[in-house]
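Everything below concerns the one structure shown next.
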Amino acid sequence: MALSGCMPAPVPAVAYAPAAQGLVVSGTGLEVSFGRAQPGALAAIEKLAGPVTDLSDVAGCGTVATHRDGSQSIYRNGVFVGWRDDSGRTAGRVCA
């Protein structure tokens, strides 16, 4: 007996990239802007980059959230301030 209703549907891949103003979702006109409060920014970015696999406080930098796809979102004083993807592209303030 198959229980196909219990399996989550696959999530389609969405292209996104760091940009001067934050993180843009390709082809949609949507973005996660720098300056957004951490809870809302983190929830939006998790929909794109996957769940947070590590959350670390980095001295002199802020809070760094590493996502399942290897990208990092950076927060300072509870505000989204920077982004780095797994290929090395960055936007905003990133940790050294």
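Look at the stretch 58-86 and say how many of its residues are within 14 Å of the chain's Cα centre (by Cα) and of a type outside the set (Asp, Glu). Going through the stretch 58-86 one residue at a time, the tally reaches 18.
Would you say Gly88 is closer than 15 Å to Glu46 by Cα and part of a loop (DSSP other than H, G, I, E, B)? In short, no.
Give me the residue from the stretch 69-96 that is aliphatic (A, V, I, L, M) and surrounded by 13 or more Cβ atoms within 10 Å (Cβ to Cβ) and, out of that set, farthest from Ala19 (Cα to Cα). The extreme case among them is Val79.
Taken over the stretch 49-68, residues that are under 19 Å from Ala17 (Cα atoms) and surrounded by 14 or more Cβ atoms within 10 Å (Cβ to Cβ) amount to 7.
Look at (1) over 16 Å from Cys95 (Cα atoms); (2) out of contact with any Ser or Thr (no Cβ under 9 Å at 6 or more places or on another chain) and you find that Leu42 fails only one, number (2).
Would you be able to say whether some residue in the stretch 2-16 is surrounded by 14 or more Cβ atoms within 10 Å (Cβ to Cβ), touching a strand residue (DSSP E or B) at 6+ places or on another chain (Cβ under 8 Å), among the small types (Gly, Ala, Ser) and modelled with pLDDT under 95? Looking through the stretch 2-16, none of the residues is surrounded by 14 or more Cβ atoms within 10 Å (Cβ to Cβ), touching a strand residue (DSSP E or B) at 6+ places or on another chain (Cβ under 8 Å), among the small types (Gly, Ala, Ser) and modelled with pLDDT under 95. When the residues of the stretch 17-39 are narrowed to those that are without any contact (Cβ under 8 Å) to a residue 12 or more places away in the chain and in a strand (DSSP E or B), which ends up farthest from Asp86 (Cα to Cα)? Only one residue fits best here, namely Leu30. Consider the stretch 59-81 and keep the residues that are modelled with pLDDT under 95 and either among the hydrophobic types (A, V, I, L, M, F, W, C) or part of a helix (DSSP H, G or I) (or both). The one that is nearest to Cys95 (Cα to Cα) is Cys61.
The values are calculated or read from the model by the stated rules, or taken from the named source; none is laboratory data. Just so it is clear, the structure is predicted and the values come from calculations on it, not from any experiment. Using ideal geometry, Cβ is built from the backbone for each residue, glycine included, and neighbour counts are taken over all protein chains shown.
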